[in-house]
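Engineer: One structure is given below, represented as structure tokens, and several questions about it will come after.
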């Protein structure tokens, strides 16, 4: 599994101008089952994505390049891969 930490690098007004596009991009990957959870940080300085396992970090990096926030240079992305030592059984298919 992966945790993607998105950190905004531009003013919130620039982020908000691309939020509809970003959410549409997220919707595609939530619908496909790749992204398990997504949402803004509190306070809103960025966001978090929880991404299913099964692929490589390099594949995820390539996919993230299509996120409108990255396309328009609005945010930095940090990918952390982890192997769940404890996992709720409802998530077993996603690890």
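Engineer: Going by how many other Cβ atoms sit within 10 Å of their own, how do 3, 12 line up, fewest first?
Structural biologist: Lowest to highest Cβ neighbour count: 12, 3.
Engineer: Give the whole-number value, in cubic angstrom per residue, of the convex hull volume spanned by the C-alpha atoms of region 2-82.
Structural biologist: Spelled out: Cα convex hull of region 2-82, divided by residues, is 81 Å³.
Engineer: Fully extended, how many nm does the chain gain between residue 78 and residue 37 (0.36 nm per residue separation, minus their Cα-Cα distance)?
Structural biologist: Length difference between fully extended and current span is 13.2 nm.
Engineer: Mind telling me which of 21, 61, 13 comes out most flexible in a GNM of the chain, alpha-carbon contacts under 10 Å?
Structural biologist: Answer for the Gaussian network model of the chain: 13.
Engineer: Could I ask something else about it? Hey, can you rank 36-49, 80-93 by average C-beta count inside 10 Å, highest first?
Structural biologist: My ranking of the peptides, most packed first, is 36-49, 80-93.
Coordinate-derived values only; no laboratory data. Everything numeric here is computed off the predicted structure, so don't read it as measured data. Backbone-built Cβ (ideal geometry, glycine too); neighbour counts: all protein chains shown.
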